[in-house]
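The values are calculated or read from the model by the stated rules, or taken from the named source; none is laboratory data. A quick note: this is a predicted structure, and the numbers were derived from the prediction, not measured. A quick note on method: Cβ atoms are made from the backbone with ideal geometry, for glycine too, and the neighbour counts reach across all protein chains shown. Just so you know, the surface numbers come from the protein's heavy atoms only, side chains and all, with ligands and any DNA or RNA stripped out. Shrake-Rupley method; radii C 1.70, N 1.55, O 1.52, S 1.80 Å.
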Amino acid sequence: MNGSAADLAKALNVRQDGFYRHQLVRDLFEKEILAPILARKATVPDGSPASKAILDLFDRYEAYCLSGQFEQRDYMLLRALYIFTRNGLCEEIGNRLKGLFPPQPIDVSGTLFSGDADRVGAAAEALRRDGVYRFSQPLPTAFIAALRDRLLDCDAYNEHGRHIGERYGEGARYRRIFVAEKDLVVIPEMVQLATDPLVMAIIQANFGCQPILNTLATYKTHPEPADGFAQDADAAQAYHFDFHTFRWLKMFVYLNDIGEEAGPHHFVKTSHWNRPDALWREGRIPDREIDAVYGPNGVSTICGPAGTAFIADTSAFHKGSLPTHSPRILAQFEYCNSLFGPEHLVGFEQRHGGKLLLESALRYGSRTAQRFLMRYL
Ligand SMILES: O=C(O)CCC(=O)C(=O)O
Ligand SMILES: [Fe+2]
């Protein structure tokens, strides 16, 4: 698509998500979850009344529906309201999206995760309850080896997206290095994973609406002595929750063997909903606080051979950890129910490369594929 057609398509796409302020106001303010807040005349942390903050958010959402524009202050407002309403507001808006984009039947027979093909419902339920679902078998060794080889050949970037002039296979001077998304969208194995029909079906079942692909990413973490909490926090290696939009899920795929020493992912099951007031706050959370609240069995440490894959609701507490002797390579795919969230710039090269994604996603039908790829097309 050329520039103006793409802009138009984007505007239309966004617009078809649009449900407007008056509707939201009418519906949401009657909801039990918001009524008590209003009755308390509660204030959000900056001192403004919650009801005003919610109305402001609806204004911003309406503006986004019309223009596709999202600003940093919108993010701050939504994030504050997410915490303030304990996810209630995001959930309510997510419920509206279910009606607008009802789930479509998905034929999962071509999935890479054949051992889990009959477990869509179980996986969606595990995600709702625990916040994490681990696929029962690792992905095929040859598939993972091919993907890893392709990645190791790519250019490397640092945390801030700066080209660091080394191959991804090297780059060990840095704690964490990345591959540009434009280079990922042309790797067939990345595209195959991103558009896998079983993954699509699980995400759709969990959201209750057709998903949108938000990002493809990969990063490689190198061993380095742990040198303090603050620095760990930079690399998502202290407990935190993510916040991207109303609702999202991430699929993680380990591309090398991950034992205790190779930086496994730690996930605090149920903490996306089971969270005391004291933990509904901004900032990284020290391990001892997580341990005190969730107990010794509250944290799942996810180890496994190359090809181990899991889907996580990263609104729960989680962290990576530092590998102590071998590097860790991970691929990550994020899905969301709306693009009302920080915009990732998608340049010409990603759009161009997005053709592979489109070809693969078209099996879901053109409307579902269009929504799935609305960030890229
Ligand atoms: O590297 C990890 O295991 C965790 C990274 C993380 O926090 C995230 O992807 O949201
Ligand atoms: Fe995170």
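Hey, does the range 148-161 have a residue that's assigned to a strand (DSSP E or B) and buried (at least 19 other Cβ atoms within 10 Å of the Cβ)? Yes.
State yes or no: is residue 299 within 15 Å of ligand 2 (Cβ to nearest atom) and without any contact (Cβ under 8 Å) to a residue 60 or more places away in the chain? Yes. All conditions but one from (1) within 16 Å of ligand 2 (Cβ to nearest atom); (2) in contact with a strand residue (DSSP E or B) (Cβ under 6 Å, 6 or more places away or on another chain); (3) within 29 Å of residue 281 (Cβ to Cβ); (4) at pLDDT 95 or above apply to residue 218; the one that does not is (3).
Checking the structure you have, find out if any residue of the range 88-101 is free of Cβ contacts under 8 Å to residues at least 40 places away in the same chain, assigned to a helix (DSSP H, G or I) and open to solvent by 70 Å² or more (accessible area, probe 1.4 Å). No; the residues of the range 88-101 include none that is free of Cβ contacts under 8 Å to residues at least 40 places away in the same chain, assigned to a helix (DSSP H, G or I) and open to solvent by 70 Å² or more (accessible area, probe 1.4 Å).
Quick grid of which residues meet (1) open to solvent by 50 Å² or more (accessible area, probe 1.4 Å); (2) at pLDDT 95 or above:
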residue	(1), (2)
237	no, no
252	no, yes
301	yes, yes
304	no, yes
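Return yes when residue 240 is free of Cβ contacts under 8 Å to residues at least 60 places away in the same chain and within 20 Å of residue 217 (Cα to Cα) and no when it is not. Criteria not met by residue 240.
Inside the range 60-71, can you point out the residues that are open to solvent by 20 Å² or more (accessible area, probe 1.4 Å) and either among the β-branched types (Val, Ile, Thr) or over 18 Å from the mean Cα position of the chain (by Cα) (or both)? Reasoning before the result, please.
Filtering the range 60-71 down to residues open to solvent by 20 Å² or more (accessible area, probe 1.4 Å) leaves 60, 62-63, 66-67, 69-71.
Those that are open to solvent by 20 Å² or more (accessible area, probe 1.4 Å) and either among the β-branched types (Val, Ile, Thr) or over 18 Å from the mean Cα position of the chain (by Cα) (or both): 60, 62, 63, 66, 67, 69, 71.
When the test is whether a residue is touching a Phe, Trp or Tyr at 6+ places or on another chain (Cβ under 6 Å) and modelled with pLDDT of 95 or more, residue 267 does not pass it. Of the listed requirements (1) within 16 Å of ligand 2 (Cβ to nearest atom); (2) modelled with pLDDT of 90 or more, residue 289 misses just one: (1). With respect to residue 357, is the statement that it is at pLDDT below 95, in a loop (DSSP other than H, G, I, E, B) and either under 20 Å from the mean Cα position of the chain (by Cα) or among the hydroxyl-bearing types (Ser, Thr, Tyr) (or both) true? Criteria not met by residue 357.
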